[in-house]
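Student: Below you'll find the structure I mean.
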Amino acid sequence: MSDRFDSVWDALVDDPVRVENLKLRSVLLIAINEELVDRGLKQKETAALLYVTQPRVSALKQGMVNEFRLDTLVDIAHRLGFMCRWKSQPDWFLSLSLSLCCPYLSKRL
């Protein structure tokens with residue numbers, strides 16, 4: 001008999017706190033990558049925009065969630081013009097609401 005899990009993180013990680021952190025980071029990483037694809041920037045341009053190195057951009061694009069802390073992904077999302085809002089849910093979990101406030105807010109002229 002196979003177990004059912006709400007997410008891949010629930011299947012891979014036993015610590016519920018760590019699971020929630022990984023879920024939030026995954027949501028941010030996906031949103032960041034979708035925005036970067038939409039902008040069509042080269043890695044060097046992306047690195048300058050996000051104030052990170054090109055290897056970090058590569059890690060972002062490869063979806064390496066374990067390479068980024070939650071606060072780092074929030075910073076990157078803000079540089080892309082996202083507004084990140086946290087809401088407390090029942091059972092003391094947080095949910096993340098993302099909206100792109102000002103597209104290209106961080107784009108240098």
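Every number in this text was worked out from the coordinates using simple rules, so none of it is lab data. Remember, predicted model here, so these are calculated numbers, not experimental data. Cβ: placed from backbone, ideal geometry, glycine included. Neighbour counts: every protein chain shown.
Student: Please give me the summed charge of the neighbours of Q54: other residues whose Cβ is under 13 Å from its Cβ, Lys and Arg +1, Asp and Glu -1.
Tutor: In short, +3.
Student: Further question: Gain in length, V17 to Y51, computed as 0.36 nm per residue apart minus the alpha-carbon separation, to one decimal in nm?
Tutor: Contour length minus Cα-Cα distance gives 9.3 nm.
Student: I want to check the label-to-label distance for D71 and R85. Put each point 7 Å from Cα in the C-beta direction and report it in nm to one decimal.
Tutor: The two pseudo-label positions are separated by 2.4 nm.
Student: Taking 30 Å as R0, compute the FRET efficiency from the Cβ-Cβ separation of R4 and K44 and round it to 0.05.
Tutor: Computed FRET efficiency for R4 and K44 comes out at 0.10.
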